[in-house]
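Trainee: Take this structure first; my questions come after.
The values are calculated or read from the model by the stated rules, or taken from the named source; none is laboratory data. Everything numeric in this text was worked out from a predicted model, so none of it was measured. A quick note on method: Cβ atoms are made from the backbone with ideal geometry, for glycine too, and the neighbour counts reach across all protein chains shown.
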Amino acid sequence: MQEQRSEAKRKLPTGVRERHSRTCASREGRKCDCTPAIEASVYDARESRRLDRVVKIRRTFTGKGALAAAKGWRRDAMSATARGELTFEPRQRLEDAVAEWLTKCERGEVRSRRRTEYSASTIRDYRSDLARFVMPTLGHRAVTDVTRADVQTVIEGMNGQGYAGQTTRNAIVALQAFYRWRKPPIDPTVNLDLPEPGARRERAASPAEAERLLAVLDGDERDIYAAAFYAGLRRGELQALRVEDVDGDRIRVSRAWDQVEGEKGPKSKAGERDVPIIGPLRAILERRCEGRPGSAFVFGTDGAPFSPNTLRDRSIRSWAAAAVGAFLQGRDDKLEPIGLHEARHSFSTWLDHAGISETRADRYMGHANPSVQARYRHQLEGQLDEDARRLEEWLAGLRAGKVVAFAS
């Protein structure tokens, strides 16, 4: 039996060997009863001279085509090692390496792709997504042993369990951020087959619909939603807004609120901005700020900001009661509940329809990336007719000589 095993090993090319499971019968001299993994290795001459010992770079492959993949990797790795592009890296379990990375992110030692510190909420999301979806499958594997096929298996498993496309993408984004920092010779998180993120929050209310929605609300609910509709502030910015931030004809946005860490800086550098106060919001802010200290929350009580969950529940109940009352009276007044973020979408859309330039709209919205703003602008009912009328008026003015034609 031992002779047969030796004969089988001799058939494998140099630098390639089988790795049997710990419970495999071959370890006791009997016939193999497992599906062995294939390990390929290359000699790292530079590290061997530096450490004064034999150093090999190893990579393990499993599943169908493992032998071919191992031979292909070894062929490429030998060239990369000779050029100094591939060097020895101590083997480390993925879960240990990820824990080290997250700790460095928390200390501010590791920065995001934009060269800024990761926010506490982003780190919490990364830690939760990796622990829940990735580590149970890949956590025990060595960082350099994880392959693209392994990550794709995680994706397909989440698809099979019915998770939303965006949930799957969030988990993989966290893993991609880790490997972007780790910079392995082969990044297993590129060219993946990810599911579609699903429907975005693409609803935007018209000004008339916003007025109907606000008319049903009372007290804090009405005031907070009005600030979201008419100033486009994020939920955390609304929570952290203080009386001293309301300055005459503008709102100075310089902070946000996190449910765990409390007050913090804005989402990005662009998040620190001035937002104009328009008519429908002016009276509300004056009433809520009058006679109060500058450090008081505009939308809060007893020294604490409002609770988003409480706000949402009370608002939905008010809208539902109004819809039932309209139905009983025979009126067809449809009130579709809306979230604070969708109210922010509405403000962005109104800026676009009002002819505010994209540059100024981006500034008021606090968007660091202009491409994000495009996702916030939506088509309101009647926009096509309005644009057609404007085009016809422009053409008529051009024919009458009242509009300067484009230079040729």
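Trainee: Surrounded by fewer than 16 Cβ atoms within 10 Å (Cβ to Cβ) and outside any helix (DSSP H, G or I): is that true of K104 in this structure? Lay out the reasoning, then the answer.
Mentor: Values: surrounded by fewer than 16 Cβ atoms within 10 Å (Cβ to Cβ): yes; outside any helix (DSSP H, G or I): no.
When the stated conditions are applied, K104 does not pass them.
Yes or no, residue by residue, for (1) modelled with pLDDT under 90; (2) closer than 21 Å to R180 by Cβ:
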site	(1), (2)
R22	yes, no
E28	yes, no
R49	yes, no
F61	yes, no
R74	no, no
E85	yes, yes
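Trainee: From the residues in region 302-335 that are polar (S, T, N, Q) and in contact (Cβ under 8 Å) with a residue 60 or more places away in the chain, which one is surrounded by the most Cβ atoms within 10 Å (Cβ to Cβ)? So that I can check it myself, show each step before the final result.
Mentor: So the first thing to find is which residues in region 302-335 are polar (S, T, N, Q), and the list is 307, 309-310, 315, 318, 329.
Remaining after also requiring in contact (Cβ under 8 Å) with a residue 60 or more places away in the chain: 315, 318.
On the way: S315: 23, S318: 18.
Restricting to residues being polar (S, T, N, Q) and in contact (Cβ under 8 Å) with a residue 60 or more places away in the chain, the top hit is S315.
Trainee: Moving on to the next point. State whether one or more residues within region 284-301 are closer than 23 Å to A215 by Cβ and either outside any helix (DSSP H, G or I) or in the same structural domain as T116 (by TED's automatic domain parsing) (or both).
Mentor: Within region 284-301 (the criterion being closer than 23 Å to A215 by Cβ and either outside any helix (DSSP H, G or I) or in the same structural domain as T116 (by TED's automatic domain parsing) (or both)), the answer is yes, since at least one residue qualifies.
Trainee: If you scan region 109-163, which residues turn out to be over 19 Å from the mean Cα position of the chain (by Cα), assigned to a loop (DSSP other than H, G, I, E, B) and surrounded by fewer than 14 Cβ atoms within 10 Å (Cβ to Cβ)?
Mentor: E109, H140, Q161, G162
Trainee: Look through I338, I356 and report the one residue that is crowded, with 18+ Cβ neighbours inside 10 Å, assigned by TED's automatic domain parsing to the domain that holds D247, in a loop (DSSP other than H, G, I, E, B) and not basic (K, R). If you could, list the steps in order and put the result at the bottom.
Mentor: Working: I356 fails: crowded, with 18+ Cβ neighbours inside 10 Å.
It is I338.
Trainee: Could you list all residues from region 27-41 that are under 23 Å from R141 (Cα atoms) and not in a loop (DSSP other than H, G, I, E, B)?
Mentor: Those that are under 23 Å from R141 (Cα atoms) and not in a loop (DSSP other than H, G, I, E, B): R27, A37, I38, E39, A40, S41.
Trainee: Oh, and also: Mind telling me which of the residues A215, A210, A204, A227 ends up being small (G, A, S), under 30 Å from R317 (Cα atoms) and assigned to a loop (DSSP other than H, G, I, E, B)? Spell out how you get there, then give the answer.
Mentor: Details: A215 fails: assigned to a loop (DSSP other than H, G, I, E, B); A210 fails: assigned to a loop (DSSP other than H, G, I, E, B); A227 fails: assigned to a loop (DSSP other than H, G, I, E, B).
Within the list A215, A210, A204, A227, the selection yields A204.
Trainee: Any residue that is among the polar types (S, T, N, Q) and touching a helix residue (DSSP H, G or I) at 6+ places or on another chain (Cβ under 9 Å) - is there at least one of those in region 281-304? So that I can check it myself, show each step before the final result.
Mentor: Step one: filter region 281-304 for residues among the polar types (S, T, N, Q), giving 295, 301.
Add one more test, that the residue is touching a helix residue (DSSP H, G or I) at 6+ places or on another chain (Cβ under 9 Å), and what stays is 295, 301.
Yes, there is a match, as at least one residue in region 281-304 is among the polar types (S, T, N, Q) and touching a helix residue (DSSP H, G or I) at 6+ places or on another chain (Cβ under 9 Å).
Trainee: Determine which member of the set A142, A149 is more than 22 Å from R111 (Cβ to Cβ), touching a helix residue (DSSP H, G or I) at 6+ places or on another chain (Cβ under 8 Å) and in contact (Cβ under 8 Å) with a residue 60 or more places away in the chain. Walk me through it before giving the result.
Mentor: Working: A149 fails: touching a helix residue (DSSP H, G or I) at 6+ places or on another chain (Cβ under 8 Å).
Exactly one residue qualifies, and that residue is A142.
Trainee: While we're on this one: Of everything in region 263-283, what is surrounded by fewer than 18 Cβ atoms within 10 Å (Cβ to Cβ), part of a helix (DSSP H, G or I) and at pLDDT 85 or above? Give them in sequence order.
Mentor: Those that are surrounded by fewer than 18 Cβ atoms within 10 Å (Cβ to Cβ), part of a helix (DSSP H, G or I) and at pLDDT 85 or above: R282, A283.
Trainee: Restricted to region 42-99, and to residues that are of a type outside the set (V, I, T) and part of a strand (DSSP E or B), which residue is nearest to the chain's Cα centre (by Cα)?
Mentor: To start, the set of residues in region 42-99 that are of a type outside the set (V, I, T) comprises 43-53, 56, 58-59, 61, 63-80, 82-86, 88-97, 99.
From what's left, part of a strand (DSSP E or B): 43, 56, 58-59, 61, 93.
Values: Y43: 40, K56: 38, R58: 34, R59: 31, F61: 31, R93: 25 Å.
Checked region 42-99; the qualifying residue nearest to the chain's Cα centre (by Cα) is R93.
Trainee: Report yes if L238 is assigned to a loop (DSSP other than H, G, I, E, B), within 23 Å of I338 (Cβ to Cβ) and within 22 Å of the chain's Cα centre (by Cα), otherwise no. It would help to see each step written out before you state the result.
Mentor: Details: assigned to a loop (DSSP other than H, G, I, E, B): no; within 23 Å of I338 (Cβ to Cβ): yes; within 22 Å of the chain's Cα centre (by Cα): yes.
Criteria not met by L238.
Trainee: Since T167 meets every condition but one in (1) surrounded by fewer than 16 Cβ atoms within 10 Å (Cβ to Cβ); (2) assigned to a helix (DSSP H, G or I), which condition does it not meet?
Mentor: (1)
Trainee: Let me ask something else. Looking at (1) outside the structural domain of I172 (by TED's automatic domain parsing); (2) free of Cβ contacts under 8 Å to residues at least 40 places away in the same chain, can you tell me which one A70 breaks?
Mentor: If we test A70 against (1) outside the structural domain of I172 (by TED's automatic domain parsing); (2) free of Cβ contacts under 8 Å to residues at least 40 places away in the same chain, just (2) comes out false.
Trainee: Scan (1) without any contact (Cβ under 8 Å) to a residue 24 or more places away in the chain; (2) not in a loop (DSSP other than H, G, I, E, B) for the single condition F347 breaks and write down its number.
Mentor: (1)
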